[in-house]
Structures are given as C-alpha cells and as structure tokens.
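Working notes, structure below.
The values are calculated or read from the model by the stated rules, or taken from the named source; none is laboratory data. Model, not experiment: these values are computed from the prediction. Cβ sites come from the backbone with ideal geometry, for glycine too, and all protein chains shown count toward neighbours.
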C-alpha cells in the first residue's frame, strides 16, 4: 500500500528544491562568484531553504505515521521547517540592507523589526505546541492545526522587504530592484493559489525564487565562453577577498593595443591560446577581462609554489604564439602586496607601468615602480583638491619664470612664466610630472588661472615700483582653450589685477586638430581685442602647417632649442636662417629658446632674433626674483 501524504502534500516540490539547490552549489563551485559579505549571506539563505525542504519531507512522512513516530520528532521537524523559511527571510532583510548601504540607524531599525518577527514566530510555534493553542497532537493521535501564524509572518517579512526596496530603491540599480520585487510577486501568487486549493506542496519552492533572482542578477559573473575570462568588477572583488584573508597572488597582465576599443576583440585562435595559458599552467588561476585589449591572470601563489617555472613555460608558449600572430603586446608581472591591495589599485598600477613600456616588452614590477606610482597617485590627489578648491592664491601652485633678453634694448623686460608645484609630501614637482595628469583629468585650466593670477599680481607689483615691464607670457594648454569660459576667465583675471592687458602674453602650441584650430583662432581673435599678445610656442618641434600659422595672428614665434642646435650644420643653419628671415619680413618677432653659450647667442643674433631665452641668461627662478633682472625707470 502506497504512502498517502497528509493535507494534500506531495514531496515533489521539496525534492525539486533540493535538486535545484544542489545544482546551484555545483554552479557556484565551478563558476566565478565574488566572495563578498553578501555572498556569505546568500549562502546562508540557500542553506536555510535546503534545510526547510529536507525537514518538510521528513515532517510530512512522519505525520503520515503518527502514532508510530514519536510526537517530539514531528514537532522538531515542523519547527525547524518553518523557522528555516523565516530564517531565510530574516537573512534576506540583512542582504537588502547591506546592498542598499543603509545608515546605522536604519540598519538597527530593520534588523530589530526582522528579529522581533523571527523571535515572535519561533515563540508562537514552540509555545503553541507546548500549551496546545497551536499545532499539536493529542493523546488519541488526532492532529490539531490550531492558530496558524505562518501566513501572517510571511506577509510581515515581505512587507519589510518591499518597503526597503521602494523606500531606498534609488540606491540600487533599478533593474535589480524590479527583478527582486517580481520574484516575490510570483512567490506570493503561487502561495495564494496553493492556499486556495488547500495545498502545501510548493511552499518551499516559492522561497527559492527570490534567491534565484539574487544569484542570476547579482552574483552571476559568467565566463566568456571563448577565453574563459570574467569581468573587471570580479577582479576587484577577488583582490578584496584575498587581501581580507591574507592570501598572496601572482598577477600577469597582457595588453594588446590593436584590440583596445569598442567592438574589438581578440581573434578566436588567440582567445583559444589565452584560455590554455590560464588553465594549463596554473592551478586555480582566474582570467579577468579588464577591457577589450587588456586581460589579467590571477594565480594563488600558495596553490602554485612552482609559479616561476610555470611562468617560463608559459612565456615560451606565448613566444610560439607570437610568431603565428605577430601582434604587439605589453606584459606586466607583479605580486600582490598590502600597500596596493588596500586601495585595490592594481589595474591603475599596471596601466601606469604600461605607459612607460615599449611594445613587445615584459616588465616585472618592483618597489621603484610602486613608489613612482604612489607618487603620481599622490600628485593626482593634490591636483584634484586644487581643482575643487579653485583658490587662485593656492600656495601649492607656484610661479617660476625665465627672463628673456630683449636684443633691441639690450636688457631684460620680458619673461616667460613657468608652472611649478610644491606639495607637502614630495616638495617640488616639475611640469613633466604633473601637467600631463592635469591635462588628462581636465584640471589644467584651474592651474593656468592660478598661474595667470599670480603673474598679473607680480606685474602690478613691478609696475607700481617703477620697473620696466614689456610683458610676461603664460603658457596655455590647447586642451583648456576648449573650455567654454576660457576667454571670460582670462579677461576677468587680468581685469581684476588692474594691469594693462598688453602686459600679458599667451603662449600656445600649434594644434594638429582642425576643430581645435578653429577654436584657437576664435579665442585669439577675442582676446587680441583687449590688447593681449600671442606667442606660437615650440616652433620646430614637429610638423608645422605654414598656412595655418599665417591665419593665426601671432606676435612672436618661439624657435625651439632644436632649431638652435641646428646651427652646427651649414645646411640646417641656412634653413633656420631663411625661416627666421621670412617671419621677420612678415613682422613676426622671433624668439630663440635654449640659448646656452655665447656662440649660440652670436648665431641667433645673426639669424634675425629679437629675443633670446636660455640658461646663458638665467635658469628658471621664482617670479619674485625678476627684480634682479628687470630695470627701473630712470
């Protein structure tokens, strides 16, 4: 005779839940899952549902054998089954709170409410059995349901979860919020339909749906089928997890610029080779796709004590593949350490090192690289602070200058303002260390405003103290000329300093970009109306479009040091002389930079120079020392 299950119950639902949970465990074991705090809570929820499904089967089987099975065992199965389900809901509340990053007060409130619900339900289940007002079996083995608080407890927990999602949902990606709410809606609908048909077979199943929503939408991080890589966010999580547990990783970065960009990807054959690298040589290695042309292989050193030998073997294999594909690459190898792991800066460190590498080079990161990176990181932090403060008197930005010799008058009445930074932790920082960063992160215009303001202030001091000032030039980046308020900012600073506009000159380098050229042309025209002068800086350092130069109303053409060095060769010297003569005939003043010797000076004077600048006259000095070079009026 077959078993007849109590209360229209069939174990198919609970057995299905157990089967699905085992599949989840297998997937989690062999897929990449970020081991975050929320993931541990997720595992707790999964365990609670599995426990509920197992005890549910045991409960109903033993219920069918009431009288043959000790009543205490039936009570234990029932209590564990129900509390496992409500334990899962309690953990779900904790999961949502962590995901929403609620403040301490809100955390405490929701935790207390959820805890009260759980304890209240537990007390009702236990006391109902003990005092016979809830589920119990009497002396004649008759089953009494009593007051069933399960639906009320379920609705209360769901109410808390839905309230949190609706109240603080703007802190979470809305698609995830919709997915969680949708999974609970389906669960509630099935429970409702089950109750209408006096069924209990699928209760535990409904608790699995919200867990499945989290696994799919939050914790799933699928491997790329061809390369076996996972995403950059997974890399960040891995570093955080390893740092928290004190593990040490070997990181091997491969960057190939040919595949960097939207819509690009490694060829199928090369992906196959990369997949072999990550699985063949190292035990438990994980490959991360940082960008389309950048991958990082992370290897646990403890699991691979012979990693040095394996690296050599892998590079031999890589060399064989390179012969086939012959595509440029940069490989960076480093070991994790607490200094970098603390801020999870490995991708930035690798990119910093990569910028300084040649193509087809392999570089092992050492302490010097890390120190240089941390210096750049510190400089960038200070640049950001300077930008955000927007204080034109910021003491960290300093004006140096190099006096310029005026050949016609035989004295110094002109200078070039130069940008320097002095930071608390590093001291003096030179332009080649911070200007590229300032341009890259759009902080450069703020620096230029500070330099212009301080230069104008010095010009006013010189004029008020009867010094002869022709002009002082300030370098402006072509990038900041695109700023919509560029001209207004320049004019306002000069106006507020109460100096004549013609005492300031703007130095610009030639742009190769057509749109930038038109912007520069418009900006020069607008500012020239005020009386400002303009220099074309670094003439001779690259390709020069004479047609464009003629279209821009420059006043002075600055010949780069490379043009001065050309004087040693007759042919080059004739070319430089001809160019200078042409500019002189067209009423451009020619300034030679990089004059270091008397011989340089004599040749520049023969070559139509109007101004001379270089170490022969002065190295860059603090702008306050211009009083040592500029003369006073008689």
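Restricting attention to segment 366-380, which residues are out of contact with any helix residue (DSSP H, G or I) (no Cβ under 6 Å at 6 or more places or on another chain) and surrounded by 13 or more Cβ atoms within 10 Å (Cβ to Cβ)?
370, 372, 374, 375, 376, 377, 378
Provide a single number: the residues in segment 283-302 that are outside any strand (DSSP E or B) and in contact (Cβ under 8 Å) with a residue 40 or more places away in the chain. Explain how you work it out, then say what you get.
Taking segment 283-302 and keeping what is outside any strand (DSSP E or B), we get 283-285, 292-293, 301-302.
Now restrict to residues that are in contact (Cβ under 8 Å) with a residue 40 or more places away in the chain: 301-302.
So the count comes out to 2.
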Quick count over segment 1-32, residues being crowded, with 20+ Cβ neighbours inside 10 Å and at pLDDT below 75, is 1
Across segment 430-456, the tally of residues that are more than 25 Å from the chain's Cα centre (by Cα) and either surrounded by 23 or more Cβ atoms within 10 Å (Cβ to Cβ) or in contact (Cβ under 8 Å) with a residue 40 or more places away in the chain (or both) stands at 9
Going residue by residue through segment 512-533, is there one that turns out to be surrounded by 17 or more Cβ atoms within 10 Å (Cβ to Cβ) and modelled with pLDDT under 75? no
Only one of (1) under 30 Å from residue 589 (Cα atoms); (2) in contact with a strand residue (DSSP E or B) (Cβ under 9 Å, 6 or more places away or on another chain) does not apply to residue 409, and that is (2)
Note on segment 44-88: residues free of Cβ contacts under 8 Å to residues at least 24 places away in the same chain and surrounded by fewer than 22 Cβ atoms within 10 Å (Cβ to Cβ) are 47, 58, 62, 65, 68, 69, 70, 72, 73, 76, 77
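Take the residues in segment 248-265 that are in a loop (DSSP other than H, G, I, E, B) and within 19 Å of the chain's Cα centre (by Cα), then tell me which one is surrounded by the fewest Cβ atoms within 10 Å (Cβ to Cβ). Working first, answer last.
Kept after step one, since they are in a loop (DSSP other than H, G, I, E, B), are these residues of segment 248-265: 248, 256, 260-265.
Then drop every residue that is not within 19 Å of the chain's Cα centre (by Cα), which leaves 260-262.
Values: 260: 12, 261: 11, 262: 5.
Here the answer is 262.
Conditions tested, residue by residue: (1) in a helix (DSSP H, G or I); (2) in the same structural domain as residue 12 (by TED's automatic domain parsing); (3) touching a residue at least 24 places away in the same chain (Cβ under 8 Å); (4) surrounded by fewer than 17 Cβ atoms within 10 Å (Cβ to Cβ).
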site	(1), (2), (3), (4)
183	yes, yes, yes, no
187	yes, yes, no, no
191	yes, yes, yes, no
198	no, yes, yes, yes
211	yes, yes, yes, no
237	yes, no, yes, no
246	no, no, no, yes
271	yes, no, yes, no
Hey, any hits in segment 325-344 for a residue that's in contact (Cβ under 8 Å) with a residue 24 or more places away in the chain and either loosely packed, with under 12 Cβ neighbours inside 10 Å or closer than 30 Å to residue 449 by Cα (or both)? yes
Taking segment 399-429 and the residues there that are in contact with a helix residue (DSSP H, G or I) (Cβ under 8 Å, 6 or more places away or on another chain) and over 30 Å from residue 632 (Cβ atoms), the one that is surrounded by the fewest Cβ atoms within 10 Å (Cβ to Cβ) would be 425
Considering segment 546-588, residues that are at pLDDT below 85 and touching a strand residue (DSSP E or B) at 6+ places or on another chain (Cβ under 6 Å), and then whichever is surrounded by the most Cβ atoms within 10 Å (Cβ to Cβ), we arrive at 564
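For segment 125-143, give me each residue that is exposed (fewer than 12 other Cβ atoms within 10 Å of the Cβ), free of Cβ contacts under 8 Å to residues at least 60 places away in the same chain and touching a strand residue (DSSP E or B) at 6+ places or on another chain (Cβ under 8 Å). Give the steps one after another, and end with the answer.
Start the filter on segment 125-143 by keeping residues that are exposed (fewer than 12 other Cβ atoms within 10 Å of the Cβ), which leaves 130-131, 138-142.
Among the residues that remain, those that are also free of Cβ contacts under 8 Å to residues at least 60 places away in the same chain are: 130-131, 138-140, 142.
The one that is exposed (fewer than 12 other Cβ atoms within 10 Å of the Cβ), free of Cβ contacts under 8 Å to residues at least 60 places away in the same chain and touching a strand residue (DSSP E or B) at 6+ places or on another chain (Cβ under 8 Å): 138.
If you take the residues of segment 170-179 that are part of a helix (DSSP H, G or I) and touching a residue at least 40 places away in the same chain (Cβ under 8 Å), which of them is nearest to residue 101 (Cα to Cα)?
First, the residues of segment 170-179 that are part of a helix (DSSP H, G or I): 170-171, 174-179.
Checking which are touching a residue at least 40 places away in the same chain (Cβ under 8 Å) leaves us with 171, 175-176.
Working: 171: 8, 175: 17, 176: 15 Å.
Filtering segment 170-179 for residues that are part of a helix (DSSP H, G or I) and touching a residue at least 40 places away in the same chain (Cβ under 8 Å), the one nearest to residue 101 (Cα to Cα) comes out as 171.
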